[in-house]
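Heads up: the structure comes next, in C-alpha coordinates.
The values are calculated or read from the model by the stated rules, or taken from the named source; none is laboratory data. Being a predicted model, the structure only gives us computed values, none of them experimental. Positions of Cβ are generated from backbone atoms using ideal geometry, with glycine treated the same way; all protein chains shown enter the neighbour counts. Only protein heavy atoms, including side chains, enter the accessible area calculation; ligands, DNA and RNA are left aside. Shrake-Rupley method; radii C 1.70, N 1.55, O 1.52, S 1.80 Å.
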Amino acid sequence: VATRGGERPPTVTAITDAIERSPSADKLAGLLQRVAAPLKRVPNGRSLLSGTVLGHPLHPLLVTAPIGAWTCASVLDLTGRQPAAARSLVGAGVLMALPTALSGASDWLDTEGAERRVGSTHATLNVLATAVYGASWLVRPRRPALGVGLGLVGAGLASAAGWLGGHLTYAMGVGVDTNAFEAGPTTWSDLGVVPESGAARLAEVNGTRLAVTRLDGRPAVMADRCSHRGGPLSEGPVIDECFTCPWHGSRFDARTGAVRRGPASVPQPVYETHEVADAIQVRREEVRALRTNAV
Ligand code: FES
(Lines give C-alpha, C1' and ligand atoms only; values in the text may rest on other atoms or scores of the structure.)
Protein backbone atom coordinates (compact mmCIF):
# COMPACT_ATOMS: atom_id res chain seq x y z
CA VAL A 1 0.00 0.00 0.00
CA ALA A 2 1.44 3.38 -0.99
CA THR A 3 2.07 5.88 1.76
CA ARG A 4 1.53 9.62 1.56
CA GLY A 5 4.09 11.71 3.38
CA GLY A 6 4.98 8.66 5.48
CA GLU A 7 1.36 8.25 6.59
CA ARG A 8 -0.70 5.19 5.66
CA PRO A 9 -4.05 6.02 4.05
CA PRO A 10 -7.21 4.72 5.76
CA THR A 11 -7.96 1.10 4.85
CA VAL A 12 -11.01 1.96 2.75
CA THR A 13 -9.00 4.47 0.75
CA ALA A 14 -6.22 1.94 0.25
CA ILE A 15 -8.75 -0.58 -1.10
CA THR A 16 -10.35 1.86 -3.56
CA ASP A 17 -6.88 3.08 -4.62
CA ALA A 18 -5.90 -0.53 -5.35
CA ILE A 19 -9.07 -1.21 -7.37
CA GLU A 20 -8.60 2.00 -9.37
CA ARG A 21 -5.18 0.69 -10.50
CA SER A 22 -6.01 -3.01 -10.69
CA PRO A 23 -5.14 -4.87 -13.95
CA SER A 24 -7.57 -7.62 -12.86
CA ALA A 25 -10.38 -5.08 -12.81
CA ASP A 26 -9.39 -4.19 -16.38
CA LYS A 27 -9.81 -7.83 -17.39
CA LEU A 28 -13.23 -7.89 -15.71
CA ALA A 29 -14.12 -4.71 -17.61
CA GLY A 30 -13.23 -6.38 -20.91
CA LEU A 31 -15.56 -9.27 -20.08
CA LEU A 32 -18.40 -6.98 -19.01
CA GLN A 33 -17.92 -4.85 -22.12
CA ARG A 34 -18.75 -7.87 -24.30
CA VAL A 35 -21.89 -8.58 -22.27
CA ALA A 36 -23.14 -4.98 -22.03
CA ALA A 37 -22.17 -3.62 -25.49
CA PRO A 38 -25.44 -4.77 -27.18
CA LEU A 39 -27.30 -2.21 -25.01
CA LYS A 40 -25.80 0.49 -27.24
CA ARG A 41 -27.64 -0.95 -30.23
CA VAL A 42 -31.14 -1.02 -28.66
CA PRO A 43 -33.18 1.85 -30.20
CA ASN A 44 -33.71 4.49 -27.49
CA GLY A 45 -32.27 1.98 -25.02
CA ARG A 46 -29.67 4.41 -23.67
CA SER A 47 -32.24 7.17 -23.18
CA LEU A 48 -34.53 4.79 -21.26
CA LEU A 49 -31.84 3.13 -19.14
CA SER A 50 -29.89 6.27 -18.25
CA GLY A 51 -33.00 8.20 -17.13
CA THR A 52 -33.23 10.76 -19.95
CA VAL A 53 -37.00 10.24 -20.05
CA LEU A 54 -37.29 11.00 -16.31
CA GLY A 55 -34.87 13.94 -16.33
CA HIS A 56 -32.99 12.18 -13.52
CA PRO A 57 -30.40 9.39 -13.55
CA LEU A 58 -32.32 6.08 -13.36
CA HIS A 59 -29.74 3.84 -11.68
CA PRO A 60 -29.73 5.57 -8.25
CA LEU A 61 -33.53 5.37 -8.19
CA LEU A 62 -33.62 1.64 -8.95
CA VAL A 63 -30.86 0.57 -6.54
CA THR A 64 -33.14 1.40 -3.61
CA ALA A 65 -35.49 -1.48 -4.57
CA PRO A 66 -33.16 -4.50 -4.22
CA ILE A 67 -31.20 -2.92 -1.37
CA GLY A 68 -34.42 -2.10 0.50
CA ALA A 69 -35.90 -5.58 -0.03
CA TRP A 70 -32.69 -7.36 0.96
CA THR A 71 -32.14 -5.14 4.01
CA CYS A 72 -35.67 -5.86 5.26
CA ALA A 73 -35.07 -9.60 4.66
CA SER A 74 -31.89 -9.39 6.77
CA VAL A 75 -33.82 -7.75 9.61
CA LEU A 76 -36.38 -10.56 9.55
CA ASP A 77 -33.64 -13.20 9.30
CA LEU A 78 -31.68 -11.76 12.22
CA THR A 79 -34.78 -11.50 14.41
CA GLY A 80 -36.01 -14.95 13.35
CA ARG A 81 -39.42 -13.62 12.36
CA GLN A 82 -41.72 -14.35 9.40
CA PRO A 83 -39.53 -16.65 7.29
CA ALA A 84 -42.05 -16.66 4.42
CA ALA A 85 -41.97 -12.83 4.23
CA ALA A 86 -38.16 -12.88 4.37
CA ARG A 87 -38.08 -15.29 1.40
CA SER A 88 -40.51 -13.10 -0.55
CA LEU A 89 -38.30 -10.06 0.07
CA VAL A 90 -35.19 -11.96 -1.05
CA GLY A 91 -37.00 -12.99 -4.26
CA ALA A 92 -38.30 -9.45 -4.89
CA GLY A 93 -34.75 -8.11 -4.53
CA VAL A 94 -33.45 -10.65 -7.06
CA LEU A 95 -36.17 -9.65 -9.56
CA MET A 96 -35.46 -5.92 -9.12
CA ALA A 97 -31.72 -6.52 -9.52
CA LEU A 98 -32.19 -7.14 -13.25
CA PRO A 99 -33.47 -3.68 -14.33
CA THR A 100 -31.08 -2.13 -11.81
CA ALA A 101 -28.15 -3.95 -13.42
CA LEU A 102 -29.24 -2.90 -16.92
CA SER A 103 -29.40 0.78 -15.95
CA GLY A 104 -26.02 0.52 -14.22
CA ALA A 105 -24.48 -1.21 -17.24
CA SER A 106 -25.75 1.58 -19.47
CA ASP A 107 -24.04 4.18 -17.26
CA TRP A 108 -20.87 2.09 -16.98
CA LEU A 109 -20.49 1.82 -20.77
CA ASP A 110 -19.56 5.52 -20.85
CA THR A 111 -16.81 5.32 -18.23
CA GLU A 112 -13.04 5.17 -18.76
CA GLY A 113 -9.89 4.26 -16.87
CA ALA A 114 -10.09 4.13 -13.07
CA GLU A 115 -13.84 4.69 -12.92
CA ARG A 116 -14.30 1.84 -15.40
CA ARG A 117 -12.24 -0.47 -13.17
CA VAL A 118 -14.19 0.47 -10.03
CA GLY A 119 -17.46 0.13 -11.97
CA SER A 120 -16.62 -3.37 -13.19
CA THR A 121 -15.74 -4.45 -9.61
CA HIS A 122 -18.99 -2.90 -8.35
CA ALA A 123 -20.95 -4.79 -11.02
CA THR A 124 -19.20 -8.11 -10.35
CA LEU A 125 -19.91 -7.90 -6.61
CA ASN A 126 -23.55 -7.15 -7.38
CA VAL A 127 -23.83 -10.12 -9.75
CA LEU A 128 -22.34 -12.35 -7.03
CA ALA A 129 -24.72 -10.89 -4.44
CA THR A 130 -27.71 -11.53 -6.71
CA ALA A 131 -26.60 -15.12 -7.41
CA VAL A 132 -26.13 -15.82 -3.69
CA TYR A 133 -29.52 -14.29 -2.86
CA GLY A 134 -31.05 -16.39 -5.68
CA ALA A 135 -29.57 -19.53 -4.10
CA SER A 136 -30.86 -18.36 -0.71
CA TRP A 137 -34.39 -18.03 -2.13
CA LEU A 138 -34.19 -21.54 -3.63
CA VAL A 139 -32.95 -23.41 -0.53
CA ARG A 140 -35.05 -21.64 2.13
CA PRO A 141 -38.11 -24.01 2.03
CA ARG A 142 -36.00 -27.15 2.64
CA ARG A 143 -32.94 -25.80 4.48
CA PRO A 144 -33.95 -22.55 6.17
CA ALA A 145 -30.72 -22.15 8.18
CA LEU A 146 -28.61 -22.43 5.00
CA GLY A 147 -30.97 -19.97 3.26
CA VAL A 148 -30.51 -17.42 6.05
CA GLY A 149 -26.73 -17.94 5.99
CA LEU A 150 -26.61 -17.37 2.24
CA GLY A 151 -28.78 -14.28 2.68
CA LEU A 152 -26.27 -12.82 5.11
CA VAL A 153 -23.39 -13.55 2.71
CA GLY A 154 -25.41 -11.79 0.00
CA ALA A 155 -25.90 -8.82 2.34
CA GLY A 156 -22.13 -8.56 2.80
CA LEU A 157 -21.49 -8.68 -0.96
CA ALA A 158 -24.25 -6.14 -1.70
CA SER A 159 -22.87 -3.82 0.99
CA ALA A 160 -19.37 -3.93 -0.52
CA ALA A 161 -20.85 -3.30 -3.97
CA GLY A 162 -22.93 -0.40 -2.62
CA TRP A 163 -19.87 1.16 -1.02
CA LEU A 164 -18.04 1.08 -4.38
CA GLY A 165 -21.15 2.55 -6.04
CA GLY A 166 -20.99 5.44 -3.58
CA HIS A 167 -17.29 5.86 -4.29
CA LEU A 168 -18.04 6.06 -8.02
CA THR A 169 -20.51 8.88 -7.46
CA TYR A 170 -19.15 10.86 -4.51
CA ALA A 171 -15.41 10.49 -5.08
CA MET A 172 -15.21 10.01 -8.85
CA GLY A 173 -18.23 12.05 -10.00
CA VAL A 174 -19.79 9.39 -12.22
CA GLY A 175 -23.47 10.14 -12.82
CA VAL A 176 -23.44 13.72 -11.52
CA ASP A 177 -24.25 16.84 -13.55
CA THR A 178 -20.81 17.91 -14.74
CA ASN A 179 -21.99 21.54 -14.84
CA ALA A 180 -22.89 21.59 -11.13
CA PHE A 181 -19.82 23.68 -10.30
CA GLU A 182 -19.87 25.80 -13.45
CA ALA A 183 -20.85 29.41 -12.71
CA GLY A 184 -20.78 31.48 -15.94
CA PRO A 185 -21.33 35.24 -16.35
CA THR A 186 -24.67 36.47 -14.97
CA THR A 187 -24.17 40.02 -16.28
CA TRP A 188 -23.97 40.91 -19.98
CA SER A 189 -20.53 39.96 -21.29
CA ASP A 190 -19.01 39.99 -24.78
CA LEU A 191 -19.15 36.60 -26.48
CA GLY A 192 -16.11 37.38 -28.61
CA VAL A 193 -17.09 35.21 -31.59
CA VAL A 194 -19.73 35.55 -34.26
CA PRO A 195 -21.50 32.20 -34.57
CA GLU A 196 -22.04 30.78 -38.02
CA SER A 197 -25.35 29.41 -39.10
CA GLY A 198 -25.59 25.62 -38.69
CA ALA A 199 -22.14 25.09 -37.13
CA ALA A 200 -21.04 24.81 -33.50
CA ARG A 201 -18.18 27.02 -32.32
CA LEU A 202 -16.33 27.47 -29.06
CA ALA A 203 -16.26 30.77 -27.16
CA GLU A 204 -14.69 31.57 -23.80
CA VAL A 205 -16.29 34.21 -21.60
CA ASN A 206 -14.78 35.06 -18.20
CA GLY A 207 -13.12 31.64 -18.15
CA THR A 208 -16.34 29.74 -18.97
CA ARG A 209 -16.34 27.67 -22.17
CA LEU A 210 -19.49 28.07 -24.25
CA ALA A 211 -20.83 26.30 -27.34
CA VAL A 212 -22.28 28.74 -29.86
CA THR A 213 -24.35 28.44 -33.02
CA ARG A 214 -26.89 30.49 -34.96
CA LEU A 215 -30.51 29.39 -35.55
CA ASP A 216 -32.86 31.35 -37.81
CA GLY A 217 -30.41 34.23 -37.68
CA ARG A 218 -30.30 34.37 -33.87
CA PRO A 219 -27.36 33.18 -31.75
CA ALA A 220 -27.90 30.18 -29.45
CA VAL A 221 -25.43 29.65 -26.61
CA MET A 222 -25.03 26.97 -23.93
CA ALA A 223 -22.32 25.58 -21.65
CA ASP A 224 -19.75 23.72 -23.74
CA ARG A 225 -19.24 20.99 -21.15
CA CYS A 226 -21.81 18.21 -21.70
CA SER A 227 -23.82 17.52 -18.53
CA HIS A 228 -23.35 13.77 -19.06
CA ARG A 229 -19.60 13.17 -18.85
CA GLY A 230 -18.15 16.52 -19.89
CA GLY A 231 -17.77 16.13 -23.67
CA PRO A 232 -17.08 19.34 -25.68
CA LEU A 233 -20.36 20.26 -27.42
CA SER A 234 -18.62 22.82 -29.65
CA GLU A 235 -16.76 19.93 -31.32
CA GLY A 236 -19.95 18.10 -32.34
CA PRO A 237 -22.42 18.84 -35.11
CA VAL A 238 -25.67 20.81 -34.75
CA ILE A 239 -28.47 18.43 -35.76
CA ASP A 240 -32.19 19.30 -35.79
CA GLU A 241 -31.42 22.53 -33.89
CA CYS A 242 -29.62 20.53 -31.19
CA PHE A 243 -25.99 20.57 -30.08
CA THR A 244 -24.76 16.98 -30.37
CA CYS A 245 -22.10 15.68 -28.01
CA PRO A 246 -19.20 14.08 -29.91
CA TRP A 247 -18.51 11.61 -27.10
CA HIS A 248 -21.72 9.60 -26.60
CA GLY A 249 -24.21 11.33 -28.88
CA SER A 250 -26.49 13.17 -26.41
CA ARG A 251 -28.46 15.98 -28.05
CA PHE A 252 -29.48 19.22 -26.35
CA ASP A 253 -32.04 21.69 -27.70
CA ALA A 254 -29.88 24.65 -28.71
CA ARG A 255 -32.50 27.17 -27.49
CA THR A 256 -33.63 25.61 -24.20
CA GLY A 257 -30.85 23.19 -23.21
CA ALA A 258 -33.43 20.37 -22.84
CA VAL A 259 -32.13 16.84 -23.44
CA ARG A 260 -33.56 15.56 -26.73
CA ARG A 261 -31.56 12.31 -26.77
CA GLY A 262 -29.62 10.45 -24.07
CA PRO A 263 -27.59 9.13 -22.43
CA ALA A 264 -27.51 12.58 -20.74
CA SER A 265 -30.37 13.09 -18.29
CA VAL A 266 -29.72 16.66 -17.10
CA PRO A 267 -30.33 19.75 -19.32
CA GLN A 268 -27.51 22.07 -20.33
CA PRO A 269 -27.16 25.59 -18.87
CA VAL A 270 -28.25 28.04 -21.57
CA TYR A 271 -27.36 31.71 -21.98
CA GLU A 272 -29.45 34.71 -22.94
CA THR A 273 -28.05 36.68 -25.87
CA HIS A 274 -28.44 40.15 -27.32
CA GLU A 275 -26.64 41.99 -30.08
CA VAL A 276 -25.01 45.37 -29.44
CA ALA A 277 -23.64 47.09 -32.56
CA ASP A 278 -21.46 44.35 -34.11
CA ALA A 279 -20.93 42.41 -30.88
CA ILE A 280 -22.97 39.66 -29.24
CA GLN A 281 -23.32 39.65 -25.48
CA VAL A 282 -24.42 36.77 -23.24
CA ARG A 283 -25.50 36.23 -19.66
CA ARG A 284 -26.76 33.28 -17.67
CA GLU A 285 -30.21 34.12 -16.42
CA GLU A 286 -31.93 30.74 -16.03
CA VAL A 287 -33.22 29.50 -12.68
CA ARG A 288 -30.29 27.13 -12.20
CA ALA A 289 -27.88 30.09 -12.36
CA LEU A 290 -29.21 30.92 -8.87
CA ARG A 291 -27.44 27.90 -7.48
CA THR A 292 -24.47 29.33 -5.66
CA ASN A 293 -21.84 26.70 -5.19
CA ALA A 294 -18.74 27.90 -3.45
CA VAL A 295 -16.60 25.46 -5.42
S1 FES B 1 -20.19 13.25 -22.54
FE2 FES B 1 -21.54 11.61 -22.86
S3 FES B 1 -23.03 12.39 -24.20
FE4 FES B 1 -21.74 14.04 -23.79
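For segment 149-187, the set of residues classified as open to solvent by 50 Å² or more (accessible area, probe 1.4 Å) and free of Cβ contacts under 8 Å to residues at least 24 places away in the same chain consists of Val153, Ser159, Tyr170, Val176, listed by residue number.
Among the conditions (1) in a helix (DSSP H, G or I); (2) buried (at least 17 other Cβ atoms within 10 Å of the Cβ); (3) touching a helix residue (DSSP H, G or I) at 6+ places or on another chain (Cβ under 8 Å), Asp26 misses just one, which is (2).
Here the condition is being under 30 Å from Ala145 (Cβ atoms), at pLDDT 90 or above and surrounded by fewer than 13 Cβ atoms within 10 Å (Cβ to Cβ); of Leu98, Leu76, it holds for Leu98 alone. Among the conditions (1) under 30 Å from Cys245 (Cα atoms); (2) open to solvent by less than 30 Å² (accessible area, probe 1.4 Å); (3) assigned to a helix (DSSP H, G or I), Asp110 misses just one, which is (3).
State which residue is least open to solvent (accessible area, probe 1.4 Å) when the search covers only segment 42-59 and only residues that are among the β-branched types (Val, Ile, Thr) and closer than 13 Å to Val259 by Cβ.
Only one residue tops the list, namely Thr52.
Touching a residue at least 12 places away in the same chain (Cβ under 8 Å), open to solvent by less than 80 Å² (accessible area, probe 1.4 Å), within 25 Å of Ser136 (Cβ to Cβ) and hydroxyl-bearing (Ser, Thr, Tyr): is that true of Thr16 in this structure? Don't jump to the end; show me each part of the working.
Working: touching a residue at least 12 places away in the same chain (Cβ under 8 Å): yes; open to solvent by less than 80 Å² (accessible area, probe 1.4 Å): yes; within 25 Å of Ser136 (Cβ to Cβ): no; hydroxyl-bearing (Ser, Thr, Tyr): yes.
No.
Restricting attention to segment 204-223, does a residue exist that is within 15 Å of the ligand (Cβ to nearest atom), open to solvent by less than 20 Å² (accessible area, probe 1.4 Å), in contact with a Pro (Cβ under 6 Å, 6 or more places away or on another chain) and not in a strand (DSSP E or B)? Looking for residues that are within 15 Å of the ligand (Cβ to nearest atom), open to solvent by less than 20 Å² (accessible area, probe 1.4 Å), in contact with a Pro (Cβ under 6 Å, 6 or more places away or on another chain) and not in a strand (DSSP E or B), one finds none in segment 204-223, hence no. Scanning segment 245-283 for residues that are more than 9 Å from the ligand (Cβ to nearest atom), among the polar types (S, T, N, Q) and within 24 Å of Leu54 (Cβ to Cβ), we see that the one that is farthest from the chain's Cα centre (by Cα) is Thr256.
Under the condition of being open to solvent by less than 10 Å² (accessible area, probe 1.4 Å) and assigned to a loop (DSSP other than H, G, I, E, B), which residue from segment 246-256 is nearest to Tyr271 (Cα to Cα)? Break it down stepwise before answering.
At the first step, the residues of segment 246-256 found to be open to solvent by less than 10 Å² (accessible area, probe 1.4 Å) are 250, 252, 254.
From the residues that got through so far, the ones that are assigned to a loop (DSSP other than H, G, I, E, B) too are 250, 254.
Numbers: Ser250: 19, Ala254: 10 Å.
My answer is Ala254.
Filtering segment 257-283 to residues that are out of contact with any Phe, Trp or Tyr (no Cβ under 8 Å at 6 or more places or on another chain), part of a loop (DSSP other than H, G, I, E, B) and surrounded by fewer than 16 Cβ atoms within 10 Å (Cβ to Cβ) leaves Ala277, Asp278.
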